Structure formats: structure tokens, C-alpha cells
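The values are calculated or read from the model by the stated rules, or taken from the named source; none is laboratory data. Quantities reported herein were computed from a predicted structural model and do not represent experimental measurements. Cβ sites come from the backbone with ideal geometry, for glycine too, and all protein chains shown count toward neighbours. These area figures cover heavy atoms from the full protein model, side chains too; ligands, DNA and RNA do not enter into them. Shrake-Rupley method; radii C 1.70, N 1.55, O 1.52, S 1.80 Å.
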Amino acid sequence: MYKIIGANQTEYGPISVDQLRQWITEGRVNAQTLAQAEGETGWKPISQYPEFAGSFATTPP
């Protein structure tokens, strides 16, 4: 389970991995969206979590 901080600076969660993947597909969550995994105390971009890293399109150099 995760929490995220939305574009409106509101905290959402707990949210399941499946729900977050759906929100990524819908464009509601992007690679820079701050997330916190259950049991963690800090926030980091959701793209830094291995389970979501492949969910975002990368631009070739």
C-alpha cells in the first residue's frame, strides 16, 4: 500500500499497487508524483520504486 501527494498537494491513500497502476495509465499520476510506501517515513518520486519504474515512458537520449 502507498500514499501519494496529488498535484493539489493533498495526501491520498492508502492506495494499492493495482490502483496506482490504473492512475498512471489514466495520467492521474506521473513519474514525479511523490509517494510513500507503507512503513516508510520519507517521500520520493513514484518512478524510484522498482514496481512502478517501468510504468513511465522514457525519452531516448
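The number of residues in the range 4-26 being hydroxyl-bearing (S, T, Y) and surrounded by 15 or more Cβ atoms within 10 Å (Cβ to Cβ) comes to 1. Counting only strands (runs of 3 or more DSSP E) that sit wholly inside the chain, those with at least 2 residues that are among the β-branched types (V, I, T) are 2-5. Residue check: P45 meets all listed conditions (1) of a type outside the set (F, W, Y); (2) free of Cβ contacts under 8 Å to residues at least 24 places away in the same chain; (3) open to solvent by 50 Å² or more (accessible area, probe 1.4 Å) but one, namely (3). The number of residues in the range 1-20 that are closer than 9 Å to Q36 by Cβ and either of a type in the set (A, V, I, L, M, F, W, C) or in contact with a Phe, Trp or Tyr (Cβ under 7 Å, 6 or more places away or on another chain) (or both) comes to 4.
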